[in-house]
1. Give the shape of region 111-338 as rounded, prolate or oblate, defined through the alpha-carbon gyration tensor: a ≥ b ≥ c are the square roots of its eigenvalues, a/c under 1.5 means rounded, and otherwise the shape is prolate if a/b is larger than b/c and oblate if not.
2. Select from ALA17, ILE64, GLY45 the residue farthest towards the positive end of the dipole of region 12-74; place +1 on Cβ of Lys and Arg, -1 on Cβ of Asp and Glu, and compute about the Cα centre.
3. R0 = 35 Å: FRET efficiency of HIS392 with ALA221, Cβ-based, nearest 0.05?
4. Mind checking the full-extension length gain between THR66 and SER307? Use 0.36 nm per residue of separation minus the Cα-Cα distance, one decimal, nm.
5. Counting only DSSP beta bridges with both residues in the chain, what percent are antiparallel, rounded to the nearest 5?
6. Where nothing but the Cβ of Lys and Arg (+1) and of Asp and Glu (-1) is charged, how large is the charge dipole of the chain around its Cα centre, in debye to the nearest 20?
7. Please work out the FRET efficiency for the pair ARG243 and ALA144, using the Cβ-Cβ distance as r and a Förster radius of 25 Å; give the result to the nearest 0.05.
8. In percent, what relative contact order does region 111-338 have, based on Cα pairs under 8 Å that are 6 or more apart in sequence?
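Each value in this text was obtained by applying a stated rule to the coordinates, not by laboratory testing. Just so you know, these numbers come straight off a predicted model, no measurement behind them. Here the Cβ positions follow ideal geometry from the backbone for every residue, glycine too, while neighbour counts run over all protein chains shown.
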Amino acid sequence: MLGEYRIVGRRASEIAASVERAVGAGELAPGQLLPPMRELATQLGVNPNTVAAAYRTLRERGVIETAGRRGSRVRPRPASTARGSIRVDAPLGVRDLGEGNPDTALLPPLDEALAAAAARYAKEPGLYGRAPLDAEFVRLARGAMDDDNVPAGPLAATSGALDAIERILAAHLRPGDAVAVEDPGWGSLLDLVSALGLKPLPVALDDDGPLPADVERVLTAGARAVVVTDRAQNPTGAVLSRRRADQLRAVLGRFPRTLLIEDDHGHAIVDQPLHPLAGVTDNWAFVRSVAKAYGPDLRVAVLTGDSVTVDRVQGRLGLGPGWVSRLLQHTVVHLWASGAVDPVAVARAYGERRDALVDALARRGVDARGRSGMNVWVPVQDETGAVARLLHAGWAVAPGARFRMASPPGVRLTVSQLTQADIEPLAEAVASAVGPMPARSYG
């Protein structure tokens, strides 16, 4: 059953560690069937309850999944093989379009904002027992959400969007629950879902967002939660259109107990309007981070949602870090209030590069997608070959395997570092590397 590998250990923690080491080393492959608990207990000379505890730990860590009488298997995307490791390092002289970072020239300087936060701290030091959220931070964040018709709800702050999503999922779900995720989608989110012991169910999407029929399919199949990217979807650049949002609200309305999480990380870097889904289900959360517009190292995101969800997130925060640094909150407040970022100019800068690349590829018969944000998604037939040929041509791109579950192969190109002079040479290299592809939906 396991080939030459032998699980070892006398305690549950040792048995779990033995399996996890083997998965990380590739000695136990995704889909590998593990021994029945009683059989393994006999082999190891331990109580079956010890093996049961080890398997439970592995499920909670997202390493294995159990399907009743069909037994326990290594997960198809085990958490110990993070998608972040699926990358191409750019050698000297190769342009790196794979990291997904914003253009640093479009990020605001932080010296004035940090100085203002420090001056405020000198007058009012942050101490234990203070409110976790700065009042002005709440006012500005809530005002921006009101402008975008995000339903009213209490607010919380977290250390980035992924931190918010993790806390929201943990507040409502348990290991083994299924979560509907976009495919292709954000690789870190796909890793997170597995690491929490949850089961990701892929949902296909097109330029207008998740396909309603696919969302209904996975909800009917038992998905407890849905994660949707409103704008600048990573990696495809999809934007939730008004019509698609209406369709998705109709679907979600038939499953009111679904946990809905919306990620609007594209706020302040896109010029497409927001069409929020929030409020159609009993439990919902809407998340915005400042990373893309103001700087990835400002680890601040704000979320709103129904009172139960936000209370659970805030309560768990109180038992861990306590609060997101008010120094960072004050820094973000200064950036927001001073208009340090011009969203129209930033969106135009990314849009000009993105649209120019998509158009240049289209002229060469290459289908590419990128309606918003800083990424362009190019479907390919041979993902490994395309990545290797582009690297040889002087361009490092992100392999689509970082973002895919069931969707066809592709590569992601981040346009942040491109100039207009780069567009034609890059398009020529991509066309030579991937060849013409027929148009099709992502999933």
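1. Here region 111-338 falls in the prolate category.
2. It is ILE64, whose Cα lies furthest towards the positive end.
3. Values: r = 43 Å, r/R0 = 1.22.
Plugging the Cβ-Cβ distance into 1/(1 + (r/R0)^6) gives 0.25.
4. Full extension from THR66 to SER307 adds 83.4 nm.
5. That works out to approximately 55 percent antiparallel.
6. Result for the chain is approximately 1560 debye, rounded to the nearest 20.
7. 0.55
8. Relative CO of region 111-338 lands at 28 percent.
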